[in-house]
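Q: Sharing a structure with you now.
The values are calculated or read from the model by the stated rules, or taken from the named source; none is laboratory data. Since the model is a prediction, treat every value here as computed from it, not as a measurement. Note: ideal-geometry Cβ built from the backbone for every residue, glycine included; neighbour counts use all protein chains shown. Heavy atoms of the whole protein, side chains included, go into the accessibility calculation; ligands, DNA and RNA do not. Shrake-Rupley method; radii C 1.70, N 1.55, O 1.52, S 1.80 Å.
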Amino acid sequence: MKYGYFDDSKKEYIITNPKTPVKWINYIGTLNFGGFVDHTGGSLLCKGDPSLNRITKYIPQLPCSDIKGETLYIRFKNNGKYKIFSPFYTPTLDNYDLFECHIGLLYSTIISEIYGIRTEVTIFVPINGNEEIRSIKVKNISDKPLDIDIIPVVEYSHFDALKQFNNADWVPQTMQSRIYEEKNGLKTLIQYAFKNRDIQVNYFTSNYSVSSYDSDRKIFLGDNEYGSWAKPLSLLNDDLNNSQANRGDNIGALMHKLGNIKPGEEKRIIVLLGQAVNIKKAGSEIEKYRNEKNVDKALSEISNFWEEFLNKFQVKTPDESMNSMINIHNARQCYITKNWSRYLSLYQLGLGTRGIGFRDSSQDVMGIMPQKPDEAKELIEKLLYVQKIDGSAMHQFNPVTMIGTCGDADEEEDRPKYYGDDHLWIILATGAFLKETGDMDFLKKEIAFYDKGKDNKPIEKGTVLDHLKRAIEFTHDNTGEHGLPLLGFADWNDTVNLRAGAESVFIANLYGIALLEMLDILKYLKDNKTHDKYKLYYEEMKNTLNKVAWDGEWFIRYFDYDGTPVGSSSNTHGQIYTNAQSWSVMSGFAENDKAVTALESVNKKLNTKNGIKLSTPGYDGFDPGKGGVTTYPPGAKENGGIFLHSNPWVMIAETIVGNGDRAFEYYNQINPAAKNDIIDEYECEPYCYAQNILGDEHPQFGLARNSWLSGTSSWVYQAATKYILGIMPVYNGLKIDPCIPKKWDGFYVKREFRGAVYEITVENPDHVSKGIAKVYIEEKEQDNNIIPIFNDNKKHKIKVIMG
Ligand code: GLC
């Protein structure tokens with residue numbers, strides 16, 4: 001069954017059947033104000049922080065047929081009685097004649113036709129806006145005049161999202177709503193938690209006269225709430241009850257009577273849901289967006305934003321779905337992931353203290369480098385601020401308070417309180433930023449370390465370069481029995497939580513890559529002394545890894561606290577882990593034929609038609625000695641599931657050994673756009689990557705979950721653009737070194753880089769995967785494949801002949 005189709009010319013995916021296997025969502029706004037909208041009009045909105053300033057009540061665990069956060073009712077008189085329906089399908093579930101949800105770039109438009117009424121609702125947050133706008137057009141497409149009323153509805157959450165769910169007395173006692181009436185019938189419903197009455201209010205208003213309203217859910221639904229969202233009893237009366245909630249579950253419902261609409265006639269109203277200090281302060285924003293012209297302008301500003309964003313990197317390859325992902329959907333997902341980290345999605349619910357992940361965001365910024373290096377820099381600075389004096393990092397932090405936590409490590413008393421990998425990722429992120437921009441002064445910027453003194457002021461600060469060096473030294477100084485880095489609570493694989501003393505092959509490799517990044521930086525800075533020291537660190541770790549971690553056909557993944565290897569043929573479960581193979585190749589550590597042998601083992605033992613599994617076989621039962629990974633049944637998530645984030649690393653490793661056919665096969669087999677025809681098995685959105693797909697040990701092999709916020713996005717984008725297409729920023733230019741399927745005749749890339757446009761045509765006359773025969777810049781032959789920095793605001797034609 002198909003639920004929709006791609007329309008690349010409009011940069012949209014169009015859902016045509018609302019009964020998708022799970023809600024499919026889209027993001028609007030940013031963490032400053034925004035959230036997600038599902039394809040049946042529900043919304044989860046927050047301002048600044050989904051945990052501490054939540055606005056709408058969206059409970060993903062409730063059935064898809066229930067209202068979540070917001071909806072819209074329409075009614076008209078039929079034989080003297082009101083016929084009530086929602087053009088969003090949920091919650092009235094009427095049999096529409098036409099349903100379309102257009103998933104656009106930072107907006108969604110839901111169109112439906114039913115009972116002779118066509119409704120078109122565009123939902124978005126203006127750039128830098130503090131409100132969600134719902135622009136609603138209603139058209140009479142029947143052959144008789146209709147009296148139409150439209151009633152938008154919002155259901156609020158307590159601002160402290162977790163409290164909403166764990167106290168059903170305190171929360172309702174604090175929630176209140178008030179009405180502000182203006183001339184000409186305009187009205188604004190204000191909602192607040194009593195504590196915030198004078199500093200932070202939600203508002204719900206429109207640009208059309210409101211005849212009546214409700215803000216108490218019990219009164220709106222009626223009959224002590226035995227009236228339901230599918231049929232609110234108040235909507236059977238001519239007018240609502242004008243309830244101003246003094247307590248209870250707070251909603252906003254605004255009755256707009258559009259009057260008699262002739263056949264073919266259309267009316268438009270604009271509904272705003274926002275937050276401000278008080279109603280007065282919201283006044284000018286409300287006035288601005290009550291004006292249709294300003295709403296249309298705000299929407300076209302969003303489309304201009306994307307035009308500019310996407311233009312920085314455009315490709316034409318022989319593969320249409322790769323083009324669609326790189327040019328639109330993957331690029332968009334990278335930006336969304338950068339904005340939201342793992343904070344708020346249909347699966348990551350933004351409750352409690354999760355916040356922004358150090359490791360996650362360090363990787364996310366690498367996915368938006370060509371488009372938004374300035375925003376990447378801003379986030380890198382924030383991350384460096386939660387790095388500790390000893391070089392390790394806080395695992396996550398709240399972006400508003402900047403208070404860090406140790407993540408799950410906080411919950412396990414007898415385990416180390418740091419993650420062995422976190423701090424090293426920031427070196428990769430910073431290196432990518434420097435190569436993209438050449439902004440070497442950034443290395444001199446002073447940023448405080450996280451540790452605070454008695455007065456709660458930071459104890460020490462250091463330059464960005466100092467921060468990076470501390471990260472290296474932390475890993476250098478924290479190695480175990482075998483000379484490999486200590487695991488800490490976990491490394492990238494959050495769920496393998498071995499006892500203190502365990503060592504990680506993954507961290508050894510990440511350290512290796514971080515050292516290579518540092519060597520480039522130090523060479524540029526002409527700091528030979530540190531350069532030579534780090535070169536030695538690199539060689540030492542390389543030797544250790546090859547000496548202790550080779551299992552015969554692959555690299556083992558960990559040594560447990562007692563020296564037992566994990567991820568070895570000597571284990572019954574978890575014999576081979578993908579990341580130990582891909583990363584040993586990426587770091588350049590794998591000696592001789594070990595790289596190719598290890599990657600062959602991945603292909604043989606871990607690859608499936610739906611992607612590469614993280615490890616195999618899955619652990620079959622809870623084992624406190626292994627931790628989180630054994631809480632999943634075999635085949636799920638990190639326990640032998642297809643954890644997509646680790647797939648692009650194998651693609652990258654395959655390009656390093658020159659296997660372009662396989663790199664592309666791995667790319668293609670996880671492309672969500674290619675899942676559009678098998679959605680009933682896959683279930684998640686086909687227009688963005690999911691985090692995980694159930695592996696072949698699981699009865700529901702092929703089922704995806706946790707879409708949108710995943711490191712998969714940034715890394716697949718990097719694997720595709722920097723390694724398969726091989727367009728790689730380096731300190732002195734743009735290196736071109738593709739590794740493509742042999743059958744490709746070539747491809748084209750337009751990339752903006754350091755103040756110029758590089759129009760790159762790659763030809764592959766001999767049908768090779770890798771290798772450059774000739775490079776031309778505007779017809780002039782070059783002697784190497786690094787295209788210089790032009791910085792002249794001009795277009796440059798580059799031709800590369802492979803061979
Ligand atoms: C989740 C976490 C990420 C971790 C990954 C693998 O995606 O956000 O930090 O690396 O799981 O365990």
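Q: Need the full-extension length gain, E460 to M402, defined as separation in residues times 0.36 nm minus the C-alpha distance. One decimal, nm.
A: 19.2 nm
Q: Follow-up question, since we're still on this one. Accessible area per residue, 1.4 Å probe, Å², for the chain: what's the number? Kindly include the intermediate steps, with their values, before the conclusion.
A: Working: 29210 Å² over 803 residues.
Using a 1.4 Å probe on heavy atoms only, each residue of the chain averages 36 Å².
Q: Using a 1.4 angstrom probe on heavy atoms only, work out the carbon and sulfur share of the accessible area of the range 29-156 in %.
A: Carbon and sulfur atoms account for 45 percent of the accessible area of the range 29-156.
Q: How large is the direction-averaged shadow of the alpha-carbon convex hull of the range 703-803, in nm²? Don't skip to the answer; put the middle values down first.
A: On the way: hull surface 31.7 nm².
Computed as one quarter of the Cα hull surface, the answer is 7.9 nm².
Q: Among rounded, prolate and oblate, which fits the chain when a ≥ b ≥ c are the square roots of the eigenvalues of its C-alpha gyration tensor, a/c under 1.5 means rounded, and a/b larger than b/c means prolate?
A: Taking the square roots of the gyration eigenvalues as a ≥ b ≥ c, the chain is prolate.
Q: Let me ask something else. How large is the charge dipole for the chain, taken about the Cα centre, if only the Cβ atoms of Lys, Arg (+1) and Asp, Glu (-1) carry charge, to the nearest 20 debye?
A: 1800
Q: With N set to the residue count of the range 587-650, report its C-alpha Rg divided by 2.2 N^0.38 Å to two decimal places. Before the final figure, lay out the partial values.
A: On the way: Rg = 13.4 Å, N = 64, 2.2 N^0.38 = 10.7 Å.
Dividing the Cα Rg of the range 587-650 by 2.2 N^0.38 Å gives 1.25.
Q: First check a/c for the range 541-635, with a ≥ b ≥ c the square roots of the eigenvalues of its C-alpha gyration tensor; if it is under 1.5, answer rounded, and if not, answer prolate when a/b is larger than b/c or oblate otherwise.
A: Oblate, because a/c is 1.5 or more while a/b does not exceed b/c.
Q: Name the residues of the range 570-598 whose amide N is less than 13 Å from a point 7 angstrom out from the Cα of K547 along the C-beta direction?
A: Under cut-off, by backbone N: nothing.
Q: Next question. Treating only the Cβ atoms of Lys and Arg (+1) and Asp and Glu (-1) as charged, compute the dipole magnitude of the range 351-412 about its Cα centre; round to the nearest 20 debye.
A: Using Cβ point charges on Lys, Arg, Asp and Glu, the range 351-412 gives about 200 debye.
Q: At 1.4 Å probe size, put I760, I199, I84, I789 in order of accessible surface, largest to smallest.
A: From most exposed to least exposed: I199, I789, I84, I760.
Q: Would you mind estimating how fast the range 170-323 diffuses translationally, via Stokes-Einstein at 4 °C and 1.567 mPa s with the Kirkwood radius over Cα pairs, in µm²/s?
A: For these conditions, the coefficient is 71 µm²/s.
Q: Next question. I'd like the carbon and sulfur percentage of the solvent accessible area for the range 467-619, probe radius 1.4 Å, heavy atoms only, ligands and nucleic acids excluded. Intermediate results must be reported in sequence, preceding the final value.
A: Numbers: 2510 of 5400 Å².
Of the solvent-accessible surface of the range 467-619, carbon and sulfur hold 46 percent.
Q: When the chain is fully extended, how far beyond the present Cα-Cα distance does D94 get from Q200, taking 0.36 nm per residue of separation?
A: 34.4 nm
Q: Per residue, how big is the convex hull of the range 317-397 when only Cα atoms are used? Give it in Å³.
A: 102
Q: For the range 59-101, rounded, prolate or oblate, judged on the Cα gyration tensor with a ≥ b ≥ c (square roots of eigenvalues), a/c < 1.5 rounded, else prolate if a/b > b/c? Present the calculation step by step, with values, prior to reporting the outcome.
A: Numbers: a/c = 2.69, a/b = 1.80, b/c = 1.50.
In terms of gyration-tensor shape, prolate.
Q: At a 1.4 Å probe radius, carbon and sulfur cover how many percent of the accessible area of the range 657-765?
A: Details: 1340 of 2930 Å².
With neighbouring chains kept in place, the figure for the range 657-765 is 46 percent.
Q: For K139, go through the lysines and keep the ones whose alpha-carbon is under 19 Å away, minus same-chain ones fewer than eight residues off.
A: K77, K83, K257, K262, K267
Q: Now for a different question. Please state, rounded to one decimal and in Å, the Kirkwood hydrodynamic radius that the range 449-544 gives when every pair of distinct Cα atoms enters the mean of 1/r.
A: 14.8
Q: With everything on Cα atoms, drop me the angle between helix 594-605 and the longest principal axis of the chain, reported from 0 to 90° to the nearest 10.
A: 40
Q: Subtracting the Cα-Cα distance from 0.36 nm times the residue separation, let me have the gained length for E381 to E181 in nm, one decimal.
A: 67.5 nm
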